[in-house]
Amino acid sequence: MGDLINAVAQALATILEKIGIIGRARRRAGIEGDLKLLCDLEAYPAFGPGTFAHTALSNKIILEVAMLAGVDLRTTRRDIPWSSVVFAALLSAGFGYWTAVLNESGFRWYSLFPGVFAGLMFISILGMLGRKVEAAPTAAENSDTMNAQTAADATQDDAAAP
């Protein structure tokens, strides 16, 4: 069933991309339009370089180009420990079943122990699925950042020299 859903989604995405509703061509056209607008705004002093509007539009263009290039811009990611999730799910299912078996002929007070344990395991699964961690930049991003910072420092040093 999952393969069928993936195939339908892939076919729909291909059709929408060919029409131009989604995809790289649409994003490129948006970037071109934003660049033209940025150039047009530079003619007006209220929207020229250094103003908030100019900076905001420039930042939007930078983000769009980065997304077009495939750069991962997320600052947090979900870090799901799948082995722990599966283990907790198996424990929760086992203790939940044991609780149900103990209560088949009516409530038994001692069925609370496996029931509470099964509930705690379920809550721990929810906690593991909802955990977010800070996204560490890759080595390539670190070297690019360092190169940009070094170039900026060199430019400032050149400007400060008499």
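Take the Cβ-Cβ distance between Leu12 and Leu68 as r, set R0 to 25 Å, and report the resulting FRET efficiency rounded to the nearest 0.05.
Calculated transfer efficiency: 0.70.
How much net charge surrounds Ala53 when only the other residues with a Cβ under 13 Å from the Cβ of Ala53 are counted, with Lys and Arg +1 and Asp and Glu -1?
Net charge in that neighbourhood comes out at -2.
So what's the net charge close to Leu129: Lys and Arg +1, Asp and Glu -1, counting the other residues with Cβ under 12 Å from its Cβ?
After counting each charged neighbour, the total is +2.
Quick one: with all protein chains in place, what share of the accessible area of region 21-77 is carbon or sulfur, to the nearest percent (1.4 Å probe)?
C and S atoms contribute 66 percent here.
The values are calculated or read from the model by the stated rules, or taken from the named source; none is laboratory data. Everything numeric here is computed off the predicted structure, so don't read it as measured data. Cβ sites come from the backbone with ideal geometry, for glycine too, and all protein chains shown count toward neighbours. The area values use the complete protein model at the heavy-atom level, side chains included, leaving out ligands, DNA and RNA. Shrake-Rupley method; radii C 1.70, N 1.55, O 1.52, S 1.80 Å.
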